[in-house]
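J.: So that we are looking at the same thing, I have put the structure below in structure tokens.
Read the figures in this text as sums done on the coordinates, not as results from a lab. Remember, it's a predicted structure, so these values are computed and weren't measured experimentally. Note that we place each Cβ from the backbone using ideal geometry, even for glycine, and neighbour counts take in every protein chain shown.
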């Protein structure tokens, strides 16, 4: 069976976060996590669909994974027209896959291995034309619900509205086809101009009497669509530290840790990490290669990339950092920072509204509810701020941006901007006799 | 003998601090401290005068104290017309007290037990109609001075001016009457419309030849009138930690203290307190129930209420906090914060003028000298500030106020306001090639 | 041989730093370091040239050093007309020195003892009329290059431009004359009105066939001309801690150090220093008498004067402080602070440009490259700032200046100014129901 991993998405709604498939968690790109998880359940043949923007990186990753004895083949295929969505992805792989069993998996549906194991067990029965792993929902979710009769899928109902769900099963992209050709043929016949051609083709198979079974899955599932999903994934992967790493890496491995530093809970310190005096790391937390957690800094519930400096007196709480992020006397709470980001001393991310309601974020011109009442800054790559600057909750800073000192950023900043405030100083003659001030008395009281 | 505790004051000059009688010190309302102190010297019968605004709380307190075997009776009496001052209070209790010996004590004159003990000793002699405990003053104080001749009070001289004092004894409200009826009768005859009817009545007793003795008292005395008096009381009660608490509560009792936390001096940690790593508490200090002193925080010379969070990298110096105060990377110096107050990271209270002179405070429209050269913020209940905001020394923030990020508050803010700054950003094309910057050299220097 | 130490310079380009000769390093004025270094190589007779502004201090210093057995004589001579430069200095000492061998040394050329030792060795040969110690340069430097032929100096070429250097030897003021009268006579003949009379006179000696040898010196050399040179000298003297102090002063000597404080590397704590809990001092560092390094503060690579308070949660990195500097929750990086300087909580010095290029500084109206890409604030004596204020890299603050809260100082501030920002607040009715907010859930998550 060939596994088709769909990884061509351009992350438009994730902006300013670049190429979501290569966001690193616990030191590995998301797409690598996905592949390794598939390999771990016994799958051996892969076709990865990429786009022009990430083809080279996918090929590099494929080469690396081919060294693994458990892998037989990995091919990387380019989807030229990315507007063509999943149907376009299928057209791109048709010449490679041609026929036979196929398992279509989206790199942007993150699930537990259990989901794949369920499929491996079920497909063995050989009595169906396909299987869809469906996420069991406890509350209404605006997705496609499976309409099932006598154990077989009759249709997918898109966003039926709360109370009108035909089942509690929502379609996620874990689709098994006993014969790939069935899908290819169906897609060739679809005439829709819209981006739902894959779904229409799939539906036509149901209508044509093909037997598709729904497998309800009640484990972890996270789409990767909006910036705040990065925080959800960070939490997910931090929760897996104990499974992922051998015990001896928990609590420091080849790292240089000051005697007065405190490290508690499940913490990974990668090679070359330094933890300075009076620093505190409260797990779950991950600190990437050669990063420094400096004097008096605190990291908790966070994932820090490689070559970062969590500078003096910085607190990083529940945040995700890319590589080469530098801070200094900052508070970074519930925030997502890209690569090569640096903040001046005293710069702070607000992460809570006065009314403590959910933080909205602008997505393609529209305010969306992030579903989080603690949510800070979303920063792209190559960003700088001056000292004592304040970022309001849910603000997005584009790529290659410099932001001046002492200002409040309450709106999104586009790529390639240099932003300052308007300051005016008033100068008078100084009437205070500063030279006459003596603090001997004040000093005595210090203890 | 009946003790009349006057606790009906409405705290108008204390604004935005609510109901001064119920401000908590060392976990107990001020009025409870007063009552317990009176009980401790052997007094057993009490009449508390309250107002509509605090009657329920006074009654609750009375019920609780009645469980004490040392107490025979506590009655709570409402004074309807609070504009009627002390004379009104006397009229309210007349039907209850009727006649017999009576000791009138203001809940807003805080003294040491010694003052009460002095009275207990002196009244036993039975040779006078009344006794006034008078505070011995070393410097002029704008109060009522006792004019004493042959051991008996002839009159009270209000604010005589420095150099004109008839004695060094200032009238505070600790007045013993061998026969309460004397006072009631005198007050009925006073025709003044002003709020000095009590004083006029008292004076008429002197004039009528009643024998009133003055007992000079040289111990601690603090009126409770202006916001800065809260700091004086905080200091007073912190100084009593060793007397008030059993030794084992000094330095932590049923509290959860990190190994790297430092606690020095006389410190009370109430039940459920947590002290995180690298936190420092320097006594005298009191931390109320279920409060958290978080990583790297410092508390010194301060009183923290219940359910507070002294957040990461916050310093609280010489301050008074109510319940449910949350901070985060703040400096709170010489400040008074009400209940349910929360500050964004980087918000700071200025507590020293450039000229290091005394800090003035607006009281009912007039600038008053607080007598303190270190004095910070006075915040009411239900207050929020955003990140990186600055409060100037002596500023008052009303109840139910939200204050935006990155601004300087140099004026008092009234109740129920939402305050922001006026910010304008200037945006240009970014000419800095941020992506080209490499910090390998800088990083090597960190240690 | 008489040593002539030139110490009359008025530090105009050093502004706002006062009297550079008396800047203290490791607790001693720079000019004392120079004298002691000269004494240490066996020199015993000194004439110090001062100006009106520092004559008293020089005389006091001379008296003190005369107690040293290794010193035979120290005379302090006033140079009246300071505009007259080095020639004027020579005219001032002529009546005192009259004739005989003389070694002219500038107090503002800081070198290693090796340079003086080289001279002591070389002059012994007695075969020359003079010796100039010349600094060997690896890269072009805009100074006076020695043009040497057959081992003798023919001329000094001022700023020849890169590639046109007649040698790699640059003239610094370490000039030995076998007979002082030669120089005095030559100077009397110079008719130049410009400030190069000394150089012209010296050149006339070369031209007249006097034999002047150049001694190439490849050790440390630092001029003391621009503010940033203070940082270079700070680094130089910190590097000499091990040579200068007996071992037992490294790591604390008669100092009061909290158990949880961390002190690493070469650190001098002078008498009366206190180091509070969780403070960190990373050497090389010097902390002057009676200074306090408070809770959670960090000092690294810095020189702190006497009676300073490195307040709670302050980081001082690679900086130079005079006496009586007070901070509190500040970041002071790569900065030079004079005496009696105090910053409000949250005030921060920016020390890095967005482009990480060298920081320019205004010197007498012209932007000069400091040669440093990390460079913070230059503050004169008697300076105050309010809370949350930001100083941009390379800014200079004059003497006796107060700077308000919450502003960004991006320009130099002249002496005797009081500076504030222009703030406007917008006030609305508060629509947030702050009283209704309960944080029980948030609190549970804290750990």
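J.: Under 1.5 on a/c is rounded, so check that first for the stretch A:359-403, then, if it is not, pick prolate when a/b is larger than b/c and oblate when it is not; a ≥ b ≥ c are the square roots of the alpha carbon gyration tensor eigenvalues. Show your work: numbers first, answer last.
T.: Working: a/c = 2.79, a/b = 1.58, b/c = 1.77.
Oblate is the answer for the stretch A:359-403, as a/c is 1.5 or above yet b/c matches or exceeds a/b.
J.: Moving to a separate point now. Given N residues in the protein assembly as shown, what is Rg(Cα) / (2.2 N^0.38 Å)? Kindly include the intermediate steps, with their values, before the conclusion.
T.: On the way: Rg = 39.1 Å, N = 1341, 2.2 N^0.38 = 34.0 Å.
The protein assembly as shown yields a ratio of 1.15.
J.: A follow-up question, please. Between residue B:66 and residue C:438, what FRET efficiency follows from the Cβ-Cβ distance if R0 is 30 Å, with the result rounded to 0.05?
T.: Values: r = 32 Å, r/R0 = 1.08.
So, using R0 = 30 Å, E works out to roughly 0.40.
J.: Report, in deg cm²/dmol and to the nearest 500, the calculated mean residue ellipticity at 222 nm for chain C, where each DSSP H run with n ≥ 4 adds -39500 (n - 2.57) and the sum is divided by the residue count. Before the final figure, lay out each step's value.
T.: Details: 9 runs with 88 residues, N = 447.
That calculation yields -5500 deg cm²/dmol at 222 nm.
J.: Here's another thing I want to ask about it. Let me know the shape class of the stretch C:214-324, please: from the alpha-carbon gyration tensor, a ≥ b ≥ c as square roots of the eigenvalues, rounded when a/c is under 1.5, otherwise prolate if a/b is greater than b/c, or oblate. Write down the numbers at each step before the final one.
T.: On the way: a/c = 2.41, a/b = 1.75, b/c = 1.37.
Since a/c reaches 1.5 and a/b is larger than b/c, the shape of the stretch C:214-324 is classed as prolate.
J.: Measuring nothing but label to label, 7 Å from Cα along Cα→Cβ, what are residue B:142's distances to the other copies in nm, shortest first?
T.: In nanometres, ordered from closest: 6.4, 6.4.
J.: I would also like to ask the following. For chain A, what is the relative contact order in percent, using Cα pairs closer than 8 Å and at least 6 residues apart in sequence?
T.: Working: 1093 pairs, mean separation 43.9, N = 447.
RCO, chain A: 10 percent.
J.: I need the Kirkwood Rh of the stretch B:331-429: take the reciprocal of the average 1/r across all distinct C-alpha pairs and report it in angstrom.
T.: So the Kirkwood estimate lands at 13.9 Å.
J.: If I fit a long axis through the Cα atoms of helix B:30-40 and take the longest principal axis of the Cα atoms of chain B, what angle between them do I get, 0 to 90°, rounded to 10?
T.: 50
J.: Report, for residue C:424, each distance to the same residue's label point in the other copies, shortest first and in nm; define the point 7 Å along Cα→Cβ.
T.: Values, ascending and in nm: 0.9, 0.9.
J.: If the viscosity is 1.306 mPa s and the temperature 10 °C, what translational diffusion coefficient in µm²/s does Stokes-Einstein give for the stretch A:22-99 when Rh comes from Kirkwood over Cα pairs? Display every interim value, and only then the final one.
T.: Working: Rh = 13.2 Å.
Here the translational diffusion coefficient equals 120 µm²/s.
J.: Could you give the nm distance between label points at residue A:40 and residue B:113, where each point is 7 Å from its Cα heading toward the beta carbon?
T.: 6.7
J.: Another question, then. Quote the relative contact order of the stretch A:50-125 in percent (integer), defining contacts as alpha-carbon pairs under 8 Å separated by 6+ residues. Intermediate values should be presented prior to the final figure.
T.: Details: 32 pairs, mean separation 17.5, N = 76.
Averaging sequence separation for qualifying contacts and normalising by length gives 23 percent for the stretch A:50-125.
J.: Starting from the Cα gyration tensor of the stretch A:2-225, take the square roots of the eigenvalues, sort them a ≥ b ≥ c, and report rounded, prolate or oblate (rounded when a/c is under 1.5, otherwise prolate if a/b is larger than b/c, else oblate).
T.: Working: a/c = 1.38, a/b = 1.33, b/c = 1.04.
Because its axes are fairly even, with a/c under 1.5, the stretch A:2-225 counts as rounded.
J.: Of C:423, C:103, how do they rank once you tally other Cβ atoms within 10 Å and put the fewest first? Numbers along the way, then the final one.
T.: On the way: C:423 18, C:103 25.
Neighbour counts put them in this order, fewest first: C:423, C:103.
J.: Can you give me the convex hull volume of the Cα atoms of the stretch B:306-389, divided per residue and expressed in Å³? Could the numbers behind the result be given before it?
T.: Details: hull volume 8.1 nm³, N = 84.
About 96 Å³ per residue, rounded to a whole number.
J.: Give the Debye-formula value of log10 I(q)/I(0) at each listed q (0.15, 0.26, 0.30 Å⁻¹), with one equal scatterer per alpha carbon of the stretch B:5-59, two decimals each.
T.: Ignoring solvent entirely, the Cα scatterers give -0.44, -1.12, -1.29.
J.: Round to the nearest 10 and give me the degree value, 0 to 90, for the angle of helix C:228-238's Cα axis relative to the longest principal axis of chain C.
T.: Approximately 90 degrees, to the nearest 10.
J.: Now for a separate question. If you put a point 7 Å past Cα along the Cβ direction, how far is that point for residue A:161 from the same point in each other copy, in nm, smallest first?
T.: Those separations, rounded to one decimal, come out as 8.4, 8.5 nm.
J.: Sticking with this one: For the stretch A:126-215, take the convex hull of the Cα atoms, compute a quarter of its surface area, and give me that in nm², please.
T.: Result: a mean projected hull area of 5.9 nm².
J.: Over the Cα atoms of the stretch A:53-146, compute the convex hull volume and normalise it per residue, giving Å³. It would help to have the intermediate numbers written out before the result.
T.: Working: hull volume 15.2 nm³, N = 94.
Per-residue hull volume (Cα only) is 162 Å³.
J.: Just to confirm my numbers, what's the Cα centroid distance between the stretch C:329-388 and the stretch A:146-185 in Å?
T.: Distance between centres, Cα-based: 65 Å.
J.: Right, something else. Work out the FRET efficiency for residue A:259 and residue C:429 from their Cβ-Cβ distance, taking R0 = 51 Å, and round it to the nearest 0.05. Let's see the in-between values first.
T.: Values: r = 54 Å, r/R0 = 1.06.
It comes out at approximately 0.40.
J.: Expressed as a rounded percentage, what relative contact order does the stretch A:2-225 have, with Cα pairs under 8 Å and six or more residues apart? All intermediate terms of the calculation are to be shown ahead of the outcome.
T.: On the way: 418 pairs, mean separation 52.0, N = 224.
Result for the stretch A:2-225 is 23 percent.
J.: Over the alpha-carbon set of the stretch C:230-419, work out the extent along each principal axis and list the three values in angstrom, largest first.
T.: 47, 31, 28
J.: A follow-up question, please. In whole Å, what three semi-axes, largest first, describe the equivalent ellipsoid of the stretch A:160-259 built from its Cα gyration tensor (square root of 5 times each eigenvalue)? Can you show the working numbers first?
T.: Numbers: eigenvalues 352, 58, 45 Å².
Value: 42, 17, 15 Å, ordered largest first.
J.: Shifting gears a bit: Beyond 27 Å, how much of the Cα-Cα pair distribution for chain A remains, as a whole percent?
T.: Here the tail beyond 27 Å accounts for 59 percent of pairs.
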